[in-house]
Amino acid sequence: MGMEVWIGWMGFAGTMLLVAVGLLNFSVFREQLRIAREQINTALRQLELAQKEPDMHLIQRATTEASNHVRLLVERPYLRPYFYEDAVWRPGDAASEDEVRAMAELILNNFASALMHSAAFPQYPVRGIDRTIMFHMRHSPVLRDLLMATFDRFPFTGLSIICLKNETAQGVESDLRRLIEMEGLDRRETERRTELLQIFRGSQTHEAMEFTALSMQKRR
């Protein structure tokens, strides 16, 4: 009888030991599961940040492109009136004509780049930048003159900048007619400008940004 009791207690102890080991394994499993979930959440956060990185890069680039000229204007404040206050360069000004023109070229190139990026990447933050382009084009005779004189250098963005330059559709059409009638154009450039006038007349919205996207699509 004593042996049977002893065997019974041994069996009971063995069972309890198995239960304890099972519970321990279950606790270890739960801890491993918790760690795995944290690793998955960390990986998801890293993926989300990686997905947002191109957007952040575009935002940073947009800001740089739209304001790159500001640093130069801070360094050369005598240039500001030509781009903010409708000033026209005249002999005897503190700035040289070449200096004013070089700044105008930089600004126009930055604006063209911003418009092309907005057409290629929907997430590009062009809203607000269009206000900047509009302000400068309407307050800077040198920018307006340079755009008209070098319009062939802006095959994708020229029409958009013309739209932002003008307050009315009539003003856009007037500029386009002037561009078409300029002397010294070859046949291909004349046809391109005529096509832009037709595109503008046929557009329902006259949304300036749309014309850059359309021009890029037509030439792919």
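The values are calculated or read from the model by the stated rules, or taken from the named source; none is laboratory data. Please read all numbers here as calculations on a predicted model, not as lab measurements. Cβ atoms come from the backbone with ideal geometry, glycine included; neighbour counts cover every protein chain shown.
Among residues of segment 174-201 that are outside any loop (DSSP other than H, G, I, E, B), those with a Cβ under 6 angstrom from a residue that is surrounded by fewer than 16 Cβ atoms within 10 Å (Cβ to Cβ), sequence gap 6+ or separate chain, pair up as 180/194; 189/152.
Of all residues in segment 137-165, those satisfying the criterion of being buried (at least 21 other Cβ atoms within 10 Å of the Cβ) and not in a helix (DSSP H, G or I) are 140, 154, 157. Checking every residue in segment 159-167 against the condition of being at pLDDT 95 or above, acidic (Asp, Glu) and under 19 Å from residue 83 (Cβ atoms) gives zero matches.
Restricting to segment 78-96, and then to whatever is part of a helix (DSSP H, G or I), surrounded by 16 or more Cβ atoms within 10 Å (Cβ to Cβ) and of a type in the set (Phe, Trp, Tyr), can you tell me which residue is farthest from the chain's Cα centre (by Cα)?
Start the filter on segment 78-96 by keeping residues that are part of a helix (DSSP H, G or I), which leaves 78-79, 81-84.
Keeping just the survivors that are surrounded by 16 or more Cβ atoms within 10 Å (Cβ to Cβ) gives 79, 81-83.
So of that shortlist, the ones also of a type in the set (Phe, Trp, Tyr) come out as 82-83.
Numbers: 82: 27, 83: 23 Å.
Out of the qualifying residues, it is 82.
Please work out if residue 99 is assigned to a helix (DSSP H, G or I), closer than 24 Å to residue 197 by Cα and either among the charged types (D, E, K, R) or modelled with pLDDT of 95 or more (or both). When the stated conditions are applied, residue 99 does not pass them.
Out of curiosity, is residue 115 touching a residue at least 40 places away in the same chain (Cβ under 8 Å) and over 23 Å from residue 204 (Cβ atoms)?
On the way: touching a residue at least 40 places away in the same chain (Cβ under 8 Å): yes; over 23 Å from residue 204 (Cβ atoms): no.
It is false that residue 115 is touching a residue at least 40 places away in the same chain (Cβ under 8 Å) and over 23 Å from residue 204 (Cβ atoms).
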